[in-house]
Structure formats: structure tokens, C-alpha cells
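Structure record follows, encoded as C-alpha cells.
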Amino acid sequence: MLRILLFEIRKLLEQPIILLFFIACLMLNTIYIATAGLDQSYLNYVQDTKTKTGSFITSEFQEKLSNMSSSNQHNRLLTETDERENIFNQYSTEALGQEMIDYFQIQGSMAEKMKIKYEKLTPIVHELAEEQAALEVGAAGETMSFFTFLKNRLFHAILGESLIFALLLGLYGSTSERLTKTDVLIITSKTGRKTQVTKYVASLIIALLFYVTTVTLSFAIFNQMHTIGTLWSTSISTQFHLNVYVPQSLEIPFIPWKSMTLLNYILLSIALGGILVFICHGFNFLIGLWANLLFRGFVLFVVFYVSLLGLEQIINHLNWWDMRSLLMWHPISLWNLQAYWFTEMGPFSTIPWHESIAMAVNIILLVIAGILTARYYSTKEVK
């Protein structure tokens, strides 16, 4: 088993397209990072200033800051931290829930579920108020730019690249014998059919290795170009960072279901992203077994995805909120919602920790689909 597994891994790694795709993704991510437009000089100034004033906006912080030598960056920091308050004191999650319901015109049972969800958010807000998370300076006015780029753009791109790779590798892993016309030799014996398990494990290892390597190198390149230092330990719920549902119309405090720093949030997102890669690879491997051809399996996936997007647009237009909430459990929808992971998710969910529960549900569905496919494949006829 191990010998065959190593052989299958080597066979996949010998495919030039895998290395080319990895290099292309890394180059795109590097260009993306280099052109991010982040104000590194201001971040450095704020970092240096915090060592003298402290990391929280208090009266002592403002007094020390006002006594420092004047400059454009100093004046900007003074303006951005002037009269800042702990926004989580007396913050009403019930009012936030009603704001969501009114803005998106949510009706029926969905509206009641939304109210219950936001009631459950109240203890989290109290915890953030006690920690004074909202008063953390971070990078002041540049906090939103850095946080948004890291978690909503760079990681979103990395995860998207990894999912594309996992989807294609899953299809290729289960249809490669057909491409080389050796499928007859595989299917005609029980031992041959069992090699598909080895192919699955081999392609999964490569998919996860691609994801881990791309994440590690991309964030290392970012950290080399943009040294953000103590920003990693800043609360993700600082008032300088908002959760944006509709720009300039619906921007609310960033409230996760558990108090987190930027580093905690990114690491948790990376872990959950790995699970999503595992799920998408698995489903497409099974699609390949049923479709029997790489191109046919790819067409089936694209048709399904396009249909899903079309259905989502129709449901959004008709305001069928109950139906819309069901679509949010699909793996591709979970990737689309990655910017809202671990938060209340606004109109996209009615339960806490939606993304984590949805991942668990998808793993269960993958196991069931795997069992059904194994029964089909064990009696599959050679064509």
C-alpha cells in the first residue's frame, strides 16, 4: 500500500502542469502583495508611537500623544484617535439584528431566526466590552486596509487557487487511468479497483501540500514586504476594523463568536480552509469516478456551479430567504462567504458558527457519497 502510494504521489508530481500552476499562483500572489497599496510608513509610525503611548486609546494615551513632536503622521494619528470610545459598551445586538432584518427586508420564519441569532451574540459583545477590544490602536486608520487585505483578499485568493487545484486534481486523480487507457486493467480486478483508494489519498496529499505551501510562502512574502509586527496581536474587533455588508450603507463592528486577535483569526481561517480543500477535492474525486472522464466531470461541475449561481440570483431577486439560507451550506458558497467566517454573517446565516457547522455537515455528506460510490464502483462494468 505504502509503495503504491509513493508511486502515485511521484506520478502526480511528475506532471509539469502541477509545478507550473504552483509557480503561477505564487507569482500572482507576489504581484498582488507588491501592489496592495498599503501605507507601510504610517503603520511603522504607529507601531513606534505605541511603545511610548500604549496600545489602547485612553486619556493617558491621548495625553502622551498630544505631547509628542508634530508631523503629518502625528496629526493624522491624533485625528484618528480623537474622542474614540468603547463602542461595545451598551451595544445592542437586538438592535443590530433588527437593522439587518429591515435593511435586507427579511420576512417570515427567517426573521425570527435572525432575532434569536443576534440575541446569542450579546454575551460576546459584553466580553469585548470588558476587554476594551474596540480601543486597541492597531494601525489606527490603516488597520482596515491591512486587516481587509490579509483576510479578505490575500487569503481569499490563496484559498480560491487551492480550491481550483483541489477540484482539478480530484477529477484527474479518479480519471487518470482512463486518460492513459489503462482503466480496463484496473477495473477488471478487485485489487485494481482498490488502487482508487490509493489514488484518492495521493491526490489529497498533493492538494493539501499545495495549499499549505502556498499559504506559508504567500504569507512569508507578505511579511517580508510588509512587516506588521504587533498588528498580529491586535484584536480583530478593534473599532478601526468593520464588517462590511454594503459599502457606505451597512458597515458594522466586526464581532466574531469568540474574541480573537488577527493572528488567531488568520490561523483559524487557514485551518478551516484546509478542511474546505479536503471537501472539494473529495467531492470532485467522486464526480470523476461517476463521470469516468476528466472533461465530462469538469463539465458536470461547471454546469452545477453555474446553475447554483443562477439559482442564487433568482432567490435573491425574489427574496426567498429560507431557500437562500440553504444555499449557504454549499462548499463554493462557503468560499464566497470567507470574509465573514466566524462572525454573525449578517443575512447569510441564522446560526452561530455557521461556516464550521456547514463544514462538518459537508464532511458527513462526503462520507455518505463515498460509501455509495464505493458500492457502485465495486460492480462497475468495463466500457
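Nothing in this text is a laboratory measurement; each read-out follows from the coordinates by a stated rule. Quick caveat, the model's predicted, so the values are computed rather than measured. A quick note on method: Cβ atoms are made from the backbone with ideal geometry, for glycine too, and the neighbour counts reach across all protein chains shown.
Values as computed for the structure displayed
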quantity	calculated
Least to most buried among ILE205, ILE332, ILE279 (fewest other Cβ within 10 Å first)	ILE205, ILE332, ILE279
Residues whose placed amide H lies under 5 Å from that of ASN243, excluding near-sequence neighbours	ILE252, PHE254
Neighbour-count order for TYR42, TYR211, TYR103, fewest beta carbons within 10 angstrom listed first	TYR103, TYR42, TYR211
The chain: calculated mean residue ellipticity at 222 nm from DSSP helix runs of at least 4, using -39500 (n - 2.57)	-22500 deg cm²/dmol
Three-way shape call for the stretch 204-316 based on the alpha-carbon gyration tensor, with the a/c threshold at 1.5	oblate
Span-like helix ranges in the chain, DSSP H, alpha carbon extent 15 angstrom or more, Kyte mean at least 0.0	2-13, 16-34, 155-179, 190-225, 262-291, 294-318, 354-378
Anisotropy class of the stretch 1-109 from Cα gyration tensor, a/c 1.5 cut	oblate
Residues with amide H under 5 Å from that of MET345, placed H, sequence gap 5 or more	none
Mean Cβ neighbour count within 10 Å, used as a protection proxy, ranking 261-273, 360-372 highest first	261-273, 360-372
Sorted by Cβ density within 10 Å, fewest first, the residues ILE17, ILE236	ILE17, ILE236
